[in-house]
Amino acid sequence: MAYRPVHKIPSSEITPKSVYLNRRSLMAGAGAAFAAGMLPGHAWAKLETKPSKYGADLKPTAEEYITSYNNFYEFGTGKADPSENAGSLTTSPWSVKVDGLVAKPGTLALEDIVPKVQEDRTYRHRCVEAWSMVIPWVGFQLSDLLTKVEPLGSAKYVAFETLVRPDEMPGQKGFFQPLDWPYVEGLRLDEAMHPLTILATGLYGEELPNQNGAPLRLVVPWKYGFKSIKSIVRITLTEKEPPTTWNKAASNEYGFYSNVNPNVDHPRWSQATERPIGGGLLSQRQPTLMFNGYEDEVASLYTGMDLKKYF
Ligand SMILES: Nc1nc2c(c(=O)[nH]1)N[C@H]1C(S)=C(S)[C@@H](COP(=O)(O)O)O[C@H]1N2
Ligand SMILES: [Mo]
């Protein structure tokens with residue numbers, strides 16, 4: 001096993017699983033989450049899953065890193081802020097408004113969106129900041145939901161919005177705001193319908209910790225992590241390319257496509273290599289893969305496109 005500093009050994013490895021789960025639940029919300037966990041279908045319930053043909057060969061990053069080194073600016077801009085501040089976010093009940101160019105718009109309860117049996121999908125996760133992890137998501141294809149609401153022929157893009165809730169999201173409070181809220185993201189419709197694109201509700205077989213985007217977040221494994229928008233409350237089918245948060249913040253640094261590409265550098269740093277998180281102090285940077293290793297599956301979406309222009 002790779003070297004890790006002793007204090008960073010995940011508690012799941014040194015504590016019996018049942019004790020670990022209870023302790024984690026208690027930490028998550030002063031006992032509230034643990035109580036909710038006793039109700040069917042609520043926080044910390046084990047999820048029913050089936051294996052997937054995608055990503056089965058990857059070795060996941062330890063859970064402790066996945067749940068404590070996060071980007072979720074609604075809870076603060078530091079990597080530890082989300083795990084420290086997101087515990088009390090109300091994630092149940094939850095609904096998602098689906099509107100725009102669809103035959104069946106409406107506000108759907110989470111229970112009506114999430115299939116009873118989901119898939120285990122272990123994917124590479126590459127942040128534009130040049131660090132990476134391997135995350136064993138639990139989720140289902142976004143195409144399942146989109147098919148249900150019946151996109152109209154005029155729909156060309158899918159826009160997503162995160163919750164705005166300053167009373168529970170301390171990063172949205174105060175005079176100085178690092179980003180415009182709500183956090184918004186978007187995909188071309190064919191990217192959204194691709195079988196690799198999922199809505200995740202869990203990781204490591206259990207419901208998503210709030211810091212990872214509970215109760216429902218997008219995962220687009222061949223794109224930089226900021227495309228994978230968290231805690232989604234609205235999905236809108238549009239004819240025009242929708243605005244996206246990081247593009248609005250710095251359009252010369254973050255494009256709409258944001259496909260992982262070792263040959264197109266960020267203006268301020270190289271994207272040729274990345275730093276795997278959780279590999280220990282001695283771990284080496286590793287080469288970044290074209291489309292984050294999903295080239296065979298997704299390259300055909302971009303045939304004939306200049307990926308330097310459409311970065
Ligand atoms: N709403 C929202 N979604 C977000 C972010 C955010 O700040 N707010 N950060 C993004 C970035 S930059 C990354 S790398 C991933 C991080 O996901 P993780 O914390 O589960 O690893 O979430 C993305 N989704
Ligand atoms: Mo990121």
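What to note about this one:
- Selection within the range 263-311 - in a helix (DSSP H, G or I) and not hydrophobic (A, V, I, L, M, F, W, C): Asn292, Gly293, Glu295, Asp296, Glu297, Ser300, Tyr302
- Residues (within 10 Å of the chain's Cα centre (by Cα) and either at pLDDT below 95 or on the phi > 0 side of the Ramachandran plot (or both)) located in the range 181-233: Gly213, Ser231
- Among the residues of the range 243-260, those identified as within 15 Å of ligand 2 (Cβ to nearest atom) and assigned to a helix (DSSP H, G or I) are Thr245, Trp246, Asn247, Ala249.
- Enumeration of residues in the range 129-173 that are touching a Ser or Thr at 6+ places or on another chain (Cβ under 8 Å) and aliphatic (A, V, I, L, M): Ala130, Met133, Val134, Ile135, Val138, Leu142, Ala155, Val158, Ala159, Leu163
- Considering (1) modelled with pLDDT under 95; (2) touching a Gly at 6+ places or on another chain (Cβ under 7 Å); (3) among the charged types (D, E, K, R), the lone condition that Asp57 does not fulfil carries the number (2).
- Set side by side, the residues Ser88, Ser95, Ser68 differ, and just one is more than 23 Å from Gln141 (Cα to Cα), under 18 Å from the mean Cα position of the chain (by Cα) and small (Gly, Ala, Ser), which is Ser68.
- Residue ID - surrounded by the most Cβ atoms within 10 Å (Cβ to Cβ), chosen from residues in the range 287-307 that are small (Gly, Ala, Ser) and without any contact (Cβ under 8 Å) to a residue 24 or more places away in the chain: Ala299
- Pairs linking a residue in the range 126-144 that is within 12 Å of ligand 1 (Cβ to nearest atom) to a residue that is assigned to a strand (DSSP E or B) and among the basic types (Lys, Arg), with Cβ atoms under 6 Å and 6 or more positions apart or on different chains, are Trp131/Arg275; Ser132/Arg126; Val134/Arg124; Trp137/Arg121.
- When residues of the range 145-177 are limited to those that are of a type outside the set (D, E, K, R) and part of a strand (DSSP E or B), the one farthest from Ser83 (Cα to Cα): Pro151
- Within the range 104-124, none of the residues are assigned to a helix (DSSP H, G or I) and either within 16 Å of ligand 2 (Cβ to nearest atom) or hydroxyl-bearing (Ser, Thr, Tyr) (or both).
Matching residues to (1) touching a residue at least 60 places away in the same chain (Cβ under 8 Å); (2) touching a helix residue (DSSP H, G or I) at 6+ places or on another chain (Cβ under 8 Å); (3) within 15 Å of ligand 1 (Cβ to nearest atom):
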site: Gly205; (1), (2), (3): yes, no, no
site: Ile232; (1), (2), (3): yes, no, yes
site: Glu239; (1), (2), (3): yes, no, no
site: Lys248; (1), (2), (3): yes, no, yes
site: Pro262; (1), (2), (3): no, yes, no
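- Filter result (crowded, with 22+ Cβ neighbours inside 10 Å, within 11 Å of ligand 1 (Cβ to nearest atom) and outside any loop (DSSP other than H, G, I, E, B)) within the range 180-203: Glu185, Ala200, Leu203
- Close Cβ contacts (under 6 Å, 6 or more residues apart or on different chains) running from residues in the range 45-70 that are outside any loop (DSSP other than H, G, I, E, B) to residues that are surrounded by 18 or more Cβ atoms within 10 Å (Cβ to Cβ) and polar (S, T, N, Q) comprise Thr49/Gln118.
- Residues that are within 20 Å of Ser52 (Cα to Cα) and touching a helix residue (DSSP H, G or I) at 6+ places or on another chain (Cβ under 6 Å) within the range 207-220 comprise just one, Val220.
The values are calculated or read from the model by the stated rules, or taken from the named source; none is laboratory data. Note that the structure is a prediction, hence the values are computed from the model and not measured. Counting neighbours? That spans all protein chains shown, and the Cβs are built from the backbone with ideal geometry, glycine included.
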